[in-house]
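S.K.: I have a structure here, written as structure tokens, and I will follow up with some questions on it.
The values are calculated or read from the model by the stated rules, or taken from the named source; none is laboratory data. On a predicted model such as this, the values are computed, not experimentally measured, just so you know. With ideal geometry, Cβ positions are generated from the backbone for all residues, glycine too; neighbour counts draw on all protein chains shown.
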Amino acid sequence: MEITVQWIRTSWTKQSRGGEAAARRNAAPVGFALPCAMPSFAHVVRMHERDGFEPYDGQEDVRRVNVQIREAEGRLRVQPRVEPLLAIPPRPRRPPAVHLVPGQWVRWQLNYRFSSTSGMQDWSYWMDTFNIAYGPVDANVFLSEPTVYVDERGPLR
């Protein structure tokens with residue numbers, strides 16, 4: 001069965017925590033039209049504050065996307081991985097994996113906050129949005145409302 005993965009990463013610093021910059025960041029899309037055929041590749045979109053949150057897309061091997069995807073008994077199990085180093089904000093209780101049947105898709109969002117190891121640099125932030133569809137889809141699938149939405153974003157302070 002076909003599996004389509006789109007990974008969107010939006011990155012920013014404290015300069016985009018308020019005002020017009022935050023408004024631009026918050027207006028960034030969470031889904032994009034898919035490029036032409038991408039077997040075994042994920043559609044990757046990056047947006048960063050330094051570029052005014054303009055999207056830049058590319059491809060990545062699906063195995064390098066930080067999401068567990070497993071197909072069994074006609075269903076697709078999906079759950080993003082969160083490494084201990086990436087656990088800020090704290091995630092004491094993570095949502096369970098999502099199980100999709102053919103024709104369904106999930107949008108899963110997580111956010112993170114980082115400081116330099118020495119604490120000498122300001123905080124930086126990013127949000128990952130994973131759009132994952134099970135079964136054949138058209139190029140605009142991720143422009144619509146998902147079958148399942150998981151909001152795992154936490155307070156970033």
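S.K.: List pairs: first residue in the stretch 52-65 and at positive phi, second residue surrounded by 10 or more Cβ atoms within 10 Å (Cβ to Cβ) and part of a strand (DSSP E or B) anywhere in the structure, Cβ distance under 6 angstrom, at least six positions apart or on different chains.
M.R.: Phe53/Met47
S.K.: As an exercise: evaluate Val44 against (1) in a helix (DSSP H, G or I); (2) surrounded by 15 or more Cβ atoms within 10 Å (Cβ to Cβ) and give the number of the one condition it does not meet.
M.R.: (1)
S.K.: Determine whether the stretch 56-65 contains at least one residue that is out of contact with any Cys (no Cβ under 8 Å at 6 or more places or on another chain), under 19 Å from Pro136 (Cα atoms) and hydroxyl-bearing (Ser, Thr, Tyr).
M.R.: no
S.K.: Considering each residue of the stretch 1-40, count those that are of a type in the set (Phe, Trp, Tyr) and out of contact with any strand residue (DSSP E or B) (no Cβ under 8 Å at 6 or more places or on another chain), and give that number.
M.R.: Final tally of qualifying residues: 0.
S.K.: Here is a follow-up. Can you confirm whether Ala23 is at pLDDT 90 or above and either among the hydrophobic types (A, V, I, L, M, F, W, C) or surrounded by 17 or more Cβ atoms within 10 Å (Cβ to Cβ) (or both)?
M.R.: No, not satisfied.
S.K.: So which residues in the stretch 15-29 are in contact with a Ser or Thr (Cβ under 8 Å, 6 or more places away or on another chain) and in a helix (DSSP H, G or I)?
M.R.: Ala22, Arg24, Arg25
S.K.: Related question: Would you point out the residue of the stretch 103-150, among those that are modelled with pLDDT of 95 or more, surrounded by fewer than 15 Cβ atoms within 10 Å (Cβ to Cβ) and not hydrophobic (A, V, I, L, M, F, W, C), that is farthest from Pro55 (Cα to Cα)?
M.R.: Checking each candidate, the answer is Gly103.
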